[in-house]
Amino acid sequence: MSVSLKTVTLNDTHRQLGAKMVPFAGYDMPVRYSSDLDEHHTVRRAVGIFDVSHMGEFRLRGPQALDLIQRVTSNDASKLADGKAQYSCLPNHDGGIVDDLLVYKLADDDYLLVVNASNIEKDWNWIKHHNTQGVEMEDISDLTSLFAVQGPKAIAVLQQLTDVDLSSIPYYSFVQGSFAGAPDVIISATGYTGAGGFELYIPNESAALVWDKVMTAGQAFGIKPIGLGARDTLRLEMGYCLYGNDIDDTTSPLEAGLGWITKFTKDFTNSANLKKQKEAGVSKKLVGFVMDGTGIPRGHYELMDADGQKIGDVTSGTQSPSLSKGIGMGYVKTEFAAPGTQIFVQIRGKNLPATVSKLPLTKGTEE
(Lines give C-alpha, C1' and ligand atoms only; values in the text may rest on other atoms or scores of the structure.)
Protein backbone atom coordinates (compact mmCIF):
# COMPACT_ATOMS: atom_id res chain seq x y z
CA MET A 1 0.00 0.00 0.00
CA SER A 2 1.52 3.33 -1.04
CA VAL A 3 1.36 6.22 1.40
CA SER A 4 0.70 9.60 -0.18
CA LEU A 5 3.43 12.14 0.52
CA LYS A 6 2.67 15.58 1.86
CA THR A 7 3.96 18.49 -0.20
CA VAL A 8 5.37 21.86 0.78
CA THR A 9 3.71 24.97 -0.64
CA LEU A 10 6.47 25.51 -3.23
CA ASN A 11 6.63 21.91 -4.47
CA ASP A 12 5.95 23.02 -8.07
CA THR A 13 8.66 25.68 -7.82
CA HIS A 14 11.27 23.10 -6.81
CA ARG A 15 10.27 20.85 -9.69
CA GLN A 16 10.53 23.75 -12.13
CA LEU A 17 14.02 24.45 -10.78
CA GLY A 18 14.99 20.89 -11.70
CA ALA A 19 15.20 19.53 -8.16
CA LYS A 20 15.51 15.81 -7.62
CA MET A 21 12.59 15.11 -5.28
CA VAL A 22 12.67 12.30 -2.71
CA PRO A 23 10.43 11.14 0.14
CA PHE A 24 11.71 12.53 3.45
CA ALA A 25 9.84 12.45 6.78
CA GLY A 26 6.57 11.90 4.95
CA TYR A 27 7.10 14.85 2.58
CA ASP A 28 8.10 15.16 -1.07
CA MET A 29 11.31 17.15 -0.65
CA PRO A 30 14.14 18.49 -2.85
CA VAL A 31 17.33 16.55 -2.12
CA ARG A 32 19.45 18.43 -4.69
CA TYR A 33 19.15 20.85 -7.59
CA SER A 34 22.65 20.62 -9.11
CA SER A 35 25.12 18.58 -7.06
CA ASP A 36 25.57 18.11 -3.32
CA LEU A 37 29.18 19.30 -3.64
CA ASP A 38 28.32 22.49 -5.52
CA GLU A 39 25.44 23.31 -3.17
CA HIS A 40 27.58 22.68 -0.06
CA HIS A 41 30.33 25.03 -1.27
CA THR A 42 27.73 27.64 -2.27
CA VAL A 43 26.52 27.83 1.34
CA ARG A 44 30.00 27.82 2.88
CA ARG A 45 31.37 30.47 0.49
CA ALA A 46 28.39 32.58 -0.60
CA VAL A 47 24.68 32.06 0.10
CA GLY A 48 22.01 29.44 -0.46
CA ILE A 49 18.30 29.10 0.27
CA PHE A 50 16.74 25.92 1.65
CA ASP A 51 13.03 25.20 1.75
CA VAL A 52 12.60 23.37 5.06
CA SER A 53 8.84 23.91 5.31
CA HIS A 54 8.41 20.28 6.33
CA MET A 55 9.46 21.23 9.87
CA GLY A 56 6.68 21.40 12.48
CA GLU A 57 5.54 24.50 14.37
CA PHE A 58 3.37 24.54 17.49
CA ARG A 59 2.03 27.71 19.12
CA LEU A 60 1.57 27.53 22.92
CA ARG A 61 -0.32 30.35 24.63
CA GLY A 62 -1.67 31.16 28.05
CA PRO A 63 -0.54 31.84 31.63
CA GLN A 64 0.63 28.21 32.04
CA ALA A 65 2.48 27.98 28.71
CA LEU A 66 5.93 28.50 30.24
CA ASP A 67 5.19 25.97 33.00
CA LEU A 68 4.26 23.35 30.40
CA ILE A 69 7.41 24.04 28.37
CA GLN A 70 9.53 23.85 31.52
CA ARG A 71 8.07 20.46 32.41
CA VAL A 72 8.54 18.84 28.99
CA THR A 73 11.85 20.36 27.83
CA SER A 74 15.35 19.93 29.22
CA ASN A 75 16.62 23.50 28.79
CA ASP A 76 15.53 26.39 31.03
CA ALA A 77 12.96 28.36 29.04
CA SER A 78 12.47 30.80 31.94
CA LYS A 79 15.75 32.41 30.82
CA LEU A 80 14.22 33.43 27.49
CA ALA A 81 13.46 37.11 26.93
CA ASP A 82 11.05 38.23 24.21
CA GLY A 83 12.71 37.81 20.83
CA LYS A 84 15.03 35.04 21.99
CA ALA A 85 15.18 31.36 20.99
CA GLN A 86 16.87 28.34 22.52
CA TYR A 87 17.80 24.83 21.48
CA SER A 88 16.30 22.15 23.69
CA CYS A 89 15.02 18.59 23.74
CA LEU A 90 11.99 16.64 24.93
CA PRO A 91 13.26 13.88 27.23
CA ASN A 92 11.22 10.69 27.55
CA HIS A 93 10.71 8.59 30.69
CA ASP A 94 13.32 6.00 29.70
CA GLY A 95 16.42 8.18 29.49
CA GLY A 96 16.08 8.89 25.76
CA ILE A 97 14.87 11.80 23.65
CA VAL A 98 11.42 12.26 22.11
CA ASP A 99 12.81 14.99 19.84
CA ASP A 100 15.12 17.97 19.72
CA LEU A 101 13.52 21.35 19.07
CA LEU A 102 13.72 25.13 19.16
CA VAL A 103 11.73 27.20 21.67
CA TYR A 104 10.91 30.79 20.65
CA LYS A 105 9.53 33.32 23.11
CA LEU A 106 7.22 35.58 21.09
CA ALA A 107 5.87 37.40 24.15
CA ASP A 108 4.86 36.66 27.73
CA ASP A 109 2.57 33.60 27.68
CA ASP A 110 3.18 33.10 23.93
CA TYR A 111 5.71 30.61 22.58
CA LEU A 112 6.55 28.88 19.30
CA LEU A 113 8.04 25.38 19.32
CA VAL A 114 9.77 24.14 16.16
CA VAL A 115 10.07 20.37 15.86
CA ASN A 116 11.36 17.81 13.37
CA ALA A 117 9.09 16.87 10.48
CA SER A 118 9.22 13.14 11.21
CA ASN A 119 8.08 13.74 14.80
CA ILE A 120 5.26 16.28 14.40
CA GLU A 121 2.47 13.93 15.46
CA LYS A 122 4.57 12.20 18.13
CA ASP A 123 5.67 15.51 19.67
CA TRP A 124 2.18 17.00 19.54
CA ASN A 125 0.72 13.99 21.37
CA TRP A 126 3.57 14.02 23.91
CA ILE A 127 3.14 17.70 24.79
CA LYS A 128 -0.65 17.43 24.73
CA HIS A 129 -0.48 14.51 27.19
CA HIS A 130 1.44 16.74 29.61
CA ASN A 131 -0.87 19.74 29.07
CA THR A 132 -2.85 19.37 32.28
CA GLN A 133 -3.42 23.09 32.91
CA GLY A 134 -5.33 24.25 29.85
CA VAL A 135 -2.53 25.75 27.77
CA GLU A 136 -3.89 26.75 24.36
CA MET A 137 -2.07 24.58 21.80
CA GLU A 138 -2.22 25.19 18.05
CA ASP A 139 -0.42 23.12 15.40
CA ILE A 140 0.43 25.63 12.66
CA SER A 141 2.77 23.29 10.75
CA ASP A 142 0.52 23.11 7.69
CA LEU A 143 0.04 26.89 7.65
CA THR A 144 3.71 27.83 7.85
CA SER A 145 6.56 27.83 5.35
CA LEU A 146 10.19 27.94 6.51
CA PHE A 147 13.18 29.04 4.44
CA ALA A 148 16.77 28.94 5.67
CA VAL A 149 18.98 31.53 3.95
CA GLN A 150 22.47 30.50 4.95
CA GLY A 151 26.02 31.56 4.17
CA PRO A 152 28.45 34.47 4.68
CA LYS A 153 26.54 36.64 2.18
CA ALA A 154 23.09 36.01 3.70
CA ILE A 155 22.87 39.42 5.40
CA ALA A 156 23.85 41.26 2.21
CA VAL A 157 21.06 39.48 0.33
CA LEU A 158 18.31 39.76 2.93
CA GLN A 159 19.08 43.33 4.03
CA GLN A 160 17.71 44.52 0.68
CA LEU A 161 14.29 43.21 1.67
CA THR A 162 13.78 44.68 5.14
CA ASP A 163 14.24 47.85 7.18
CA VAL A 164 15.37 45.79 10.18
CA ASP A 165 19.12 46.00 10.78
CA LEU A 166 19.89 42.30 10.36
CA SER A 167 23.51 42.64 11.52
CA SER A 168 22.20 43.79 14.91
CA ILE A 169 20.19 40.58 15.55
CA PRO A 170 22.29 38.38 17.85
CA TYR A 171 22.62 34.64 17.29
CA TYR A 172 19.50 32.78 18.49
CA SER A 173 17.46 35.98 18.46
CA PHE A 174 14.66 37.02 16.14
CA VAL A 175 12.36 39.85 15.09
CA GLN A 176 8.80 39.72 13.80
CA GLY A 177 7.30 41.95 11.15
CA SER A 178 7.11 42.72 7.47
CA PHE A 179 9.73 41.16 5.19
CA ALA A 180 9.91 41.38 1.39
CA GLY A 181 6.40 42.82 1.41
CA ALA A 182 4.99 39.89 3.38
CA PRO A 183 3.42 40.47 6.83
CA ASP A 184 3.96 38.42 10.00
CA VAL A 185 7.38 37.00 9.13
CA ILE A 186 9.74 35.77 11.86
CA ILE A 187 13.33 36.62 10.90
CA SER A 188 15.47 34.36 13.08
CA ALA A 189 19.27 34.39 13.38
CA THR A 190 19.38 30.60 13.50
CA GLY A 191 20.23 27.76 11.14
CA TYR A 192 21.72 24.29 11.01
CA THR A 193 24.70 24.82 8.72
CA GLY A 194 27.29 26.68 10.78
CA ALA A 195 27.64 29.13 7.87
CA GLY A 196 25.63 31.96 9.44
CA GLY A 197 22.38 33.38 8.14
CA PHE A 198 18.70 33.43 8.98
CA GLU A 199 15.58 31.33 9.03
CA LEU A 200 12.33 32.90 7.79
CA TYR A 201 8.97 31.67 9.12
CA ILE A 202 6.33 32.78 6.64
CA PRO A 203 2.56 32.29 6.30
CA ASN A 204 2.04 29.91 3.35
CA GLU A 205 0.17 32.52 1.32
CA SER A 206 3.33 34.68 1.21
CA ALA A 207 5.80 31.82 0.58
CA ALA A 208 6.10 32.24 -3.22
CA LEU A 209 6.48 36.02 -2.92
CA VAL A 210 9.28 35.76 -0.35
CA TRP A 211 11.10 32.96 -2.19
CA ASP A 212 11.07 34.90 -5.47
CA LYS A 213 12.22 38.14 -3.86
CA VAL A 214 15.08 36.41 -1.98
CA MET A 215 16.20 34.65 -5.17
CA THR A 216 16.13 37.96 -7.09
CA ALA A 217 17.95 39.85 -4.32
CA GLY A 218 20.55 37.09 -4.19
CA GLN A 219 21.37 36.93 -7.88
CA ALA A 220 24.33 39.32 -7.61
CA PHE A 221 25.70 37.21 -4.74
CA GLY A 222 25.45 33.84 -6.48
CA ILE A 223 22.47 32.52 -4.50
CA LYS A 224 21.31 29.01 -5.33
CA PRO A 225 18.53 26.79 -4.02
CA ILE A 226 19.98 24.08 -1.78
CA GLY A 227 18.63 20.59 -1.13
CA LEU A 228 18.60 18.21 1.80
CA GLY A 229 21.78 16.47 0.61
CA ALA A 230 23.96 19.52 1.24
CA ARG A 231 22.01 20.31 4.42
CA ASP A 232 23.20 16.96 5.76
CA THR A 233 26.91 17.42 4.88
CA LEU A 234 26.85 20.99 6.26
CA ARG A 235 25.34 19.97 9.61
CA LEU A 236 27.63 16.96 9.89
CA GLU A 237 30.77 19.07 9.42
CA MET A 238 29.55 21.13 12.40
CA GLY A 239 28.72 18.06 14.50
CA TYR A 240 25.04 18.98 14.78
CA CYS A 241 22.80 16.05 15.73
CA LEU A 242 20.18 14.70 13.33
CA TYR A 243 17.19 13.12 15.04
CA GLY A 244 16.79 9.49 14.04
CA ASN A 245 20.53 9.17 13.35
CA ASP A 246 22.57 10.65 16.21
CA ILE A 247 19.81 11.00 18.80
CA ASP A 248 16.59 9.05 19.28
CA ASP A 249 14.26 7.51 21.85
CA THR A 250 17.13 5.41 23.25
CA THR A 251 19.94 7.99 23.47
CA SER A 252 20.42 10.16 26.54
CA PRO A 253 21.05 13.89 26.04
CA LEU A 254 24.11 13.48 28.29
CA GLU A 255 25.51 10.69 26.09
CA ALA A 256 24.83 12.86 23.04
CA GLY A 257 26.88 15.78 24.37
CA LEU A 258 23.74 17.80 25.06
CA GLY A 259 24.46 18.38 28.73
CA TRP A 260 24.54 22.10 27.91
CA ILE A 261 20.80 22.03 27.18
CA THR A 262 20.01 19.78 30.16
CA LYS A 263 19.44 22.09 33.12
CA PHE A 264 18.96 20.55 36.56
CA THR A 265 17.94 23.90 38.07
CA LYS A 266 14.32 22.78 37.46
CA ASP A 267 12.26 19.59 37.35
CA PHE A 268 11.40 18.15 33.95
CA THR A 269 10.53 14.76 32.47
CA ASN A 270 12.94 12.13 33.86
CA SER A 271 15.22 14.85 35.30
CA ALA A 272 15.91 12.89 38.50
CA ASN A 273 17.24 9.89 36.57
CA LEU A 274 19.23 12.05 34.18
CA LYS A 275 20.80 13.85 37.14
CA LYS A 276 21.86 10.48 38.56
CA GLN A 277 23.34 9.59 35.19
CA LYS A 278 25.30 12.83 35.14
CA GLU A 279 26.66 12.18 38.64
CA ALA A 280 27.58 8.56 37.84
CA GLY A 281 29.02 9.36 34.43
CA VAL A 282 27.98 7.94 31.08
CA SER A 283 29.42 4.74 29.61
CA LYS A 284 29.30 5.95 26.01
CA LYS A 285 29.56 9.32 24.29
CA LEU A 286 28.74 10.77 20.91
CA VAL A 287 31.92 11.94 19.19
CA GLY A 288 32.94 13.39 15.86
CA PHE A 289 35.82 11.88 13.93
CA VAL A 290 37.84 12.42 10.76
CA MET A 291 39.25 9.57 8.68
CA ASP A 292 43.07 9.50 8.69
CA GLY A 293 43.22 8.31 5.08
CA THR A 294 40.71 7.06 2.56
CA GLY A 295 37.30 5.64 3.35
CA ILE A 296 33.83 7.10 3.80
CA PRO A 297 32.02 6.14 7.02
CA ARG A 298 28.29 5.48 6.89
CA GLY A 299 25.59 5.04 9.50
CA HIS A 300 25.64 1.68 11.33
CA TYR A 301 29.28 0.92 10.42
CA GLU A 302 31.10 -0.53 13.45
CA LEU A 303 33.77 1.41 15.35
CA MET A 304 36.72 -0.62 16.65
CA ASP A 305 39.79 -0.21 18.83
CA ALA A 306 43.36 -1.04 17.80
CA ASP A 307 42.86 -4.66 18.88
CA GLY A 308 39.84 -5.09 16.64
CA GLN A 309 37.34 -5.03 19.50
CA LYS A 310 34.06 -3.22 18.88
CA ILE A 311 33.77 0.05 20.83
CA GLY A 312 30.74 1.64 19.15
CA ASP A 313 28.82 2.46 15.99
CA VAL A 314 28.74 5.23 13.40
CA THR A 315 25.49 7.22 13.51
CA SER A 316 26.18 9.63 10.62
CA GLY A 317 28.95 9.69 8.02
CA THR A 318 29.86 11.30 4.73
CA GLN A 319 32.65 12.66 2.57
CA SER A 320 33.30 16.19 3.86
CA PRO A 321 33.33 18.67 0.96
CA SER A 322 35.33 21.15 3.05
CA LEU A 323 38.00 18.65 4.14
CA SER A 324 37.91 16.26 1.17
CA LYS A 325 38.01 13.49 3.78
CA GLY A 326 35.57 11.08 5.31
CA ILE A 327 33.96 12.37 8.51
CA GLY A 328 31.42 10.96 10.89
CA MET A 329 29.73 10.93 14.25
CA GLY A 330 29.12 7.94 16.44
CA TYR A 331 28.84 6.60 19.96
CA VAL A 332 31.99 5.12 21.50
CA LYS A 333 32.86 3.80 24.94
CA THR A 334 33.75 6.82 27.08
CA GLU A 335 37.42 5.90 27.35
CA PHE A 336 37.73 6.42 23.56
CA ALA A 337 35.90 9.77 23.47
CA ALA A 338 38.80 12.21 24.03
CA PRO A 339 39.81 14.31 21.00
CA GLY A 340 42.98 12.91 19.43
CA THR A 341 42.10 9.30 20.22
CA GLN A 342 42.66 6.91 17.34
CA ILE A 343 39.73 4.64 16.49
CA PHE A 344 38.99 2.44 13.50
CA VAL A 345 35.96 2.30 11.21
CA GLN A 346 35.07 -1.07 9.76
CA ILE A 347 34.49 -0.43 6.05
CA ARG A 348 33.99 -3.42 3.74
CA GLY A 349 35.75 -5.78 6.11
CA LYS A 350 38.75 -3.51 6.75
CA ASN A 351 39.41 -1.51 9.91
CA LEU A 352 40.44 1.93 8.64
CA PRO A 353 41.99 4.48 11.02
CA ALA A 354 40.24 7.67 12.11
CA THR A 355 40.85 10.29 14.79
CA VAL A 356 38.30 11.56 17.29
CA SER A 357 38.02 15.31 16.68
CA LYS A 358 36.72 18.39 18.43
CA LEU A 359 33.63 19.95 16.91
CA PRO A 360 33.17 21.49 14.45
CA LEU A 361 35.07 18.93 12.40
CA THR A 362 36.19 21.69 10.01
CA LYS A 363 37.84 23.70 12.80
CA GLY A 364 41.16 25.07 11.72
CA THR A 365 40.59 24.21 8.09
CA GLU A 366 40.31 26.53 5.14
CA GLU A 367 36.81 26.63 3.69
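The values are calculated or read from the model by the stated rules, or taken from the named source; none is laboratory data. Just so it is clear, the structure is predicted and the values come from calculations on it, not from any experiment. Positions of Cβ are generated from backbone atoms using ideal geometry, with glycine treated the same way; all protein chains shown enter the neighbour counts.
Numbers at a glance
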{"read-out": "Residues satisfying the stated conditions in the range 213-246, i.e. hydrophobic (A, V, I, L, M, F, W, C) and over 20 Å from the mean Cα position of the chain (by Cα)", "value": "Val214, Met215, Ala217, Ala220, Phe221, Ile223"}
{"read-out": "Of all residues in the range 12-27 being without any contact (Cβ under 8 Å) to a residue 60 or more places away in the chain and farther than 23 Å from Gly244 by Cβ, the one that is surrounded by the most Cβ atoms within 10 Å (Cβ to Cβ)", "value": "Arg15"}
{"read-out": "From Asp184, Asp212, Asp249, residue being surrounded by fewer than 20 Cβ atoms within 10 Å (Cβ to Cβ) and touching a Gly at 6+ places or on another chain (Cβ under 6 Å)", "value": "Asp249"}
{"read-out": "Matching option when the condition is within 26 Å of Ser53 (Cα to Cα), modelled with pLDDT of 95 or more and more than 16 Å from the chain's Cα centre (by Cα), among Asp267, Asp249", "value": "Asp249"}
{"read-out": "Within the range 352-366, considering residues that are at pLDDT 95 or above and part of a loop (DSSP other than H, G, I, E, B), the one surrounded by the fewest Cβ atoms within 10 Å (Cβ to Cβ)", "value": "Lys358"}
{"read-out": "Any chance Gly288 is assigned to a loop (DSSP other than H, G, I, E, B) and modelled with pLDDT of 95 or more", "value": "no"}
{"read-out": "The range 26-72, residues that are more than 30 Å from Thr216 (Cα to Cα) and of a type in the set (Val, Ile, Thr)", "value": "Ile69, Val72"}
{"read-out": "Residue match in the range 340-351 (condition: surrounded by 17 or more Cβ atoms within 10 Å (Cβ to Cβ), in contact (Cβ under 8 Å) with a residue 60 or more places away in the chain and farther than 10 Å from Phe289 by Cβ)", "value": "no"}
{"read-out": "Scope the range 77-119; condition surrounded by fewer than 18 Cβ atoms within 10 Å (Cβ to Cβ) and acidic (Asp, Glu); matching residues", "value": "Asp82, Asp94, Asp108, Asp109, Asp110"}
{"read-out": "Only one of Thr193, Thr233 that is touching a helix residue (DSSP H, G or I) at 6+ places or on another chain (Cβ under 7 Å), closer than 25 Å to Asp99 by Cα and assigned to a loop (DSSP other than H, G, I, E, B)", "value": "Thr193"}
{"read-out": "Positions within the range 142-166 being of a type in the set (Gly, Ala, Ser) and out of contact with any Ser or Thr (no Cβ under 9 Å at 6 or more places or on another chain), in sequence order", "value": "Ala154, Ala156"}
{"read-out": "Those strands (runs of 3 or more DSSP E) lying entirely in the range 126-181 with at least 3 residues farther than 22 Å from Lys213 by Cα", "value": "136-139"}
{"read-out": "Scope the range 261-283; condition surrounded by 11 or more Cβ atoms within 10 Å (Cβ to Cβ) and of a type in the set (Ser, Thr, Tyr); matching residues", "value": "Thr262, Thr269, Ser271, Ser283"}
